[in-house]
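The structure under discussion appears below in the form of structure tokens.
The values are calculated or read from the model by the stated rules, or taken from the named source; none is laboratory data. The model shown is predicted, which means the values in this text are computed figures rather than measured ones. Using ideal geometry, Cβ is built from the backbone for each residue, glycine included, and neighbour counts are taken over all protein chains shown.
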Amino acid sequence: MRKFILLFALVVSGATIAQNSLMWNGAQWVENESQTVSSSSSSVTTVFNPTTGKTWMDRNLGASQVASSPTNAASYGDLYQWGRGTDGHQLRTSQTTTQTSGTLKPGHAMFIVSSSDWRHKYHPKSEPFVWNGLNGINNPCPSGFRLPTVAEWEAEIATWEPYQHGITTHTQRAYNSVLKLPVAGSRVGSTGQLMWEGQNGYYATSNSSGNLHNNLYFTNGELNFKISHRASGHSVRCIKE
């Protein structure tokens, strides 16, 4: 028997789960950080932008709910180092290590502190593709979803309400959009410190070059694409292929 999960738009075989009790942690649906529900039997809650024709997850990876305000902490979600999979490092409370990784899968749950890259050697033949498309080696998104490109973010931003200095802010524009993006902050790659929660938004893209990558950045008075080192921890919002 299949039951519809109230307010989650999520179908799970033979189980009913309370509102706001599920979240996608990058590998599977989890309830209260203990009970797990296989993603193979569930559907991801999404939002659709009719102007761009794109479908997105309705919340950040790791978030327990859709943002109810730009500074709603429960909607912040996790902070991923660019190109890493869901191994626990993305948790805001994860421990840190200064030991960079020799592989694409470090094999531990620690946030790797580095002034540039969480890898100690860049491999140009494989590493540009770790977060590229559905088949990215370390794609953290649910099945059928992937990291958005810069161009896809730009198309989305073009549908937001106009920015008017002194009247609207970029934070308000991001939250008032279809995606309801919160200002979830970031994690500094060189120290592992959490910064700018409730003030700035940093959202990863699949675009990268060497040990650098592009991310969408916004605060009240600024919105642009920044270039960051791969060791930095940023929010992930997945887009449907």
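Is at least one residue of the range 129-151 out of contact with any Leu (no Cβ under 9 Å at 6 or more places or on another chain) and farther than 22 Å from G85 by Cβ?
Looking through the range 129-151, at least one residue is out of contact with any Leu (no Cβ under 9 Å at 6 or more places or on another chain) and farther than 22 Å from G85 by Cβ.
Might you check whether a residue that is in contact with a Leu (Cβ under 7 Å, 6 or more places away or on another chain), in the same structural domain as N139 (by TED's automatic domain parsing) and at positive phi occurs anywhere in the range 181-193?
Looking through the range 181-193, at least one residue is in contact with a Leu (Cβ under 7 Å, 6 or more places away or on another chain), in the same structural domain as N139 (by TED's automatic domain parsing) and at positive phi.
Restricting to the range 76-88, name every residue that is in contact with a Leu (Cβ under 9 Å, 6 or more places away or on another chain) and farther than 14 Å from S186 by Cβ.
Across the range 76-88, the qualifying residues are G83, R84, G85, T86.
Tell me whether the range 70-80 contains one or more residues that are surrounded by fewer than 20 Cβ atoms within 10 Å (Cβ to Cβ), at pLDDT below 60 and not basic (K, R).
The answer is no; no qualifying residue exists.
Is there any pair linking a residue in the range 49-69 that is under 18 Å from T205 (Cβ atoms) to one that is among the charged types (D, E, K, R) and assigned to a strand (DSSP E or B), with Cβ under 6 Å and at least six apart or on different chains, and which?
Pairs found: T55/K240.
Here is a list of conditions, (1) on the phi > 0 side of the Ramachandran plot; (2) not in a loop (DSSP other than H, G, I, E, B), and T55 meets all of them except one; can you say which number that is?
Only one criterion in (1) on the phi > 0 side of the Ramachandran plot; (2) not in a loop (DSSP other than H, G, I, E, B) is unmet by T55, namely (1).
Which of (1) more than 20 Å from K226 (Cβ to Cβ); (2) at pLDDT 95 or above is the odd one out, the single condition G133 does not satisfy?
Going through the list (1) more than 20 Å from K226 (Cβ to Cβ); (2) at pLDDT 95 or above, G133 breaks only (2).
Considering each residue of the range 164-173, count those that are farther than 10 Å from N220 by Cα and in contact (Cβ under 8 Å) with a residue 60 or more places away in the chain, and give that number.
Adding up the residues that qualify gives 0.
Take the conditions out of contact with any Gly (no Cβ under 9 Å at 6 or more places or on another chain), loosely packed, with under 14 Cβ neighbours inside 10 Å and of a type outside the set (K, R) and apply them to A151. Does it pass?
So A151 fits the description; yes.
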